[in-house]
Amino acid sequence: MTLIFQLGTNNWQRPKKDGSGELEFAPGSGVLHEAHHQAYNAMPNVKCYSIYPSKNQGQPTDPKADYRVFELEHDIPICESASPNSSKRWHGFSEAEFDAYVQRLGTEVYDYMKACEAKEGKSFSFVIAHHAFVNVIVLRNVLEKREKEGLPKIPLFCFVHGTAMKMYKWELAGQNTKEFPMRFHKMMVEKKYFDDVKNAVNACFCISNDQKVIIGEVFPTFPQDRVIVSPNGIDVTTFKPQQKSLSDVLAEQTKQIVWPSPPSAEVCKGYNKIICFVGKFAEWKRQAALLYAMSELEKELPNMACLCAGVGPDEERDKLLKVCKELDLKTTYILGARSQPQLAEIYTVADLGCFPSFKEPFGLVFVECMACRTPVIGANSGGPKDFVSADVGELVPEPKETTSLDTVPDGIKTLSKSLSDAIRRALKEDWKAKKGPACMKLALDKFTVGAQVSKMLTDAEGLK
C-alpha cells in the first residue's frame with residue numbers, strides 16, 4: 001500500500017467551530033489539497049493523511065477521520081498581499097514569531113505522522129508539501145528528526161502553487177522592498193531546500209508549463225527534469241451543467257451583493273445574457289479590465305449582466321468598487337464569496353466566462369467554467385496558454401504596457417479594449433452553442449482530479 005502524507009497551506013471548506021453550521025470559505029489551494037486528499041483515498045491500495053491550518057475550524061469528530069486541523073489564533077499567513085480570507089503576511093512575522101510557527105507546526109506534523117503510521121502498521125511512502133515555502137521547511141525538519149531516530153528516509157515532494165512563486169519573484173525584483181524585502185528567497189537558497197534532491201525537495205509538481213519555467217527562474221539549481229507538470233483537476237460531480245434557469249440563478253445570486261444594490265425580480269427577468277468572472281480581489285487578476293470593458297458593453301447590451309464572484313482584502317475590494325462607481329456600472333454585479341455549487345450554477349447559465357489574469361499559474365476557473373459547457377476568454381499569458389484554444393474560447397493579447405506584476409495597472413485600459421472586442425464576437429457568433437460541447441469534452445478528458453493525482457503517482461514513481 002502507498003501511504004501518503006500531505007501538509008496543506010490553506011483551509012478546506014468545512015463547517016466552522018462556532019456551531020453556526022456555516023462553511024469556512026476555502027481558497028483555491030485549500031480546495032485543491034482537499035480534492036487531492038479525497039482522490040488519493042478513492043484509489044485502490046492508497047491511503048492519504050493530511051494536516052491543514054485554520055483559525056475557524058476545530059478537529060474532526062469522526063474517529064475514522066484521516067486529517068487534522070492545525071488550529072490558529074490568527075488568520076492563515078499568506079505569501080502575497082491579497083488573499084480571499086487573510087491579510088496576515090509572512091513578511092509581517094518577526095524572526096521569533098516565524099521560528100515559533102515553524103516549530104509548533106513541526107511538532108504537530110511529527111506527532112500526527114507517528115500516530116498515522118501506528119494505525120496503518122507501516123511507514124509513509126512519501127510526503128507532499130503544498131507550496132514551496134514554510135511547509136517545505138517543516139517537512140524537511142520532521143524527516144531529518146525521523147531519520148536520526150532510525151526511521152527510513154522517505155522522499156519530500158513539493159506541490160508548487162503560484163503565490164509562493166510570486167512572493168519570491170517580488171523579492172528578487174527588488175521593486176517593492178517595503179512589502180517584499182529580500183528575506184525568504186535568500187533563506188530558502190542558503191538552506192538548500194531546492195538544491196539537494198537527496199536531503200531536501202526530491203521533486204516538484206506544478207500545474208502548467210509556465211509555472212515550470214518560473215520554478216527554473218526562482219530556483220535555477222533545481223533540476224528541471226524533476227519538475228513534473230500535472231494540470232489541475234476539478235470535481236466533476238460539482239462542476240457540470242446545472243438545471244436552474246438563468247432568471248432563477250440571477251434572482252438567487254443577487255439577493256446579497258457588494259455592488260450595486262440588489263436588483264428587483266423584474267430587473268432580473270429582463271436579462272437574457274450573462275458574463276461571469278470568478279477570482280479573488282487582487283490586482284493581478286485584472287478584474288478592473290473587465291469592469292472597463294463592461295462600461296462600454298452595458299450601453300450596447302442592456303439585457304446582459306456581468307456576475308463577478310470572489311472576495312479578498314478590503315483595500316483591493318475598495319479599489320474595484322471605486323472603479324464601479326466612477327464608471328457608473330449598473331448591470332455589473334460584484335457578488336462576494338460563492339460556494340462551489342453556486343459557481344457551477346453561475347457558469348452554467350453564463351454565455352461566457354472571462355478571466356483576464358496576468359500570468360495565471362494554471363487557471364482552474366477556466367476548466368470549471370468549461371465543464372459547465374461555457375466558453376472562456378482570458379489573457380495570453382500563464383497556464384491557460386497550455387489548454388485554451390479556438391475550440392473552447394480565446395486568449396486576447398497581453399497589453400504592451402504590462403511586462404511584470406508591477407506594471408499590471410498600466411495595461412488595464414488596453415486590455416479592456418481587447419476584452420470588449422472578444423466578448424462582442426463571442427456573443428455575436430454564439431460561442432455558447434458552438435463551442436460549449438468542446439469545452440465540456442476538454443474538461444472531462446484532461447482535467448479531473450483523479451487523472452491529476454494518478455499522473456502524479458506514476459510520474460513520481462518514474463523518478464526513482
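Rundown of residues vs (1) outside the structural domain of Asp430 (by TED's automatic domain parsing); (2) farther than 18 Å from Lys413 by Cα; (3) at pLDDT below 95, yes/no style:
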| position | (1), (2), (3) |
| --- | --- |
| Trp259 | no, yes, no |
| Ser264 | no, yes, yes |
| Tyr271 | no, yes, no |
| Ile275 | no, yes, no |
| Ala282 | no, no, yes |
| Leu291 | no, no, no |
| Asn303 | no, yes, no |
| Val323 | no, no, no |
| Gln342 | no, yes, no |
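Out of the strands (runs of 3 or more DSSP E) lying entirely within the stretch 1-93, which hold 3 or more residues that are touching an Asp or Glu at 6+ places or on another chain (Cβ under 9 Å) and free of Cβ contacts under 8 Å to residues at least 60 places away in the same chain?
Numbers: elements: 2-7, 46-54, 67-71.
In the stretch 1-93, 46-54, 67-71 are the strands (runs of 3 or more DSSP E) which contain 3 or more residues that are touching an Asp or Glu at 6+ places or on another chain (Cβ under 9 Å) and free of Cβ contacts under 8 Å to residues at least 60 places away in the same chain.
Determine, yes or no, whether Gln211 is under 20 Å from Pro361 (Cα atoms), surrounded by 13 or more Cβ atoms within 10 Å (Cβ to Cβ) and at pLDDT below 95. When the stated conditions are applied, Gln211 passes them.
In the stretch 40-62, what residues are of a type in the set (A, V, I, L, M, F, W, C), surrounded by fewer than 23 Cβ atoms within 10 Å (Cβ to Cβ) and at pLDDT 95 or above? I'd like the intermediate steps shown before the answer.
To start, the set of residues in the stretch 40-62 that are of a type in the set (A, V, I, L, M, F, W, C) comprises 42-43, 46, 48, 51.
If we keep only those that are surrounded by fewer than 23 Cβ atoms within 10 Å (Cβ to Cβ) too, we end up with 42-43, 46, 51.
Listed by number, the residues that qualify are Val46, Ile51.
Annotation note: of Leu297, Leu329, the sole residue that is more than 18 Å from the chain's Cα centre (by Cα), assigned to a loop (DSSP other than H, G, I, E, B) and under 22 Å from Val267 (Cβ atoms) is Leu329. Within the stretch 117-137, the residues that satisfy the criterion of being surrounded by fewer than 24 Cβ atoms within 10 Å (Cβ to Cβ), in a helix (DSSP H, G or I) and within 27 Å of the chain's Cα centre (by Cα) are Val134, Ile137. Whether a residue is modelled with pLDDT under 95 and touching a helix residue (DSSP H, G or I) at 6+ places or on another chain (Cβ under 9 Å) was assessed, and Glu360 passes this test.
The values are calculated or read from the model by the stated rules, or taken from the named source; none is laboratory data. Note that this is a predicted model, so its numbers are computed, not measured. When we count neighbours, we look across all protein chains shown, and the Cβ atoms used for this are built from the backbone with ideal geometry, even at glycine.
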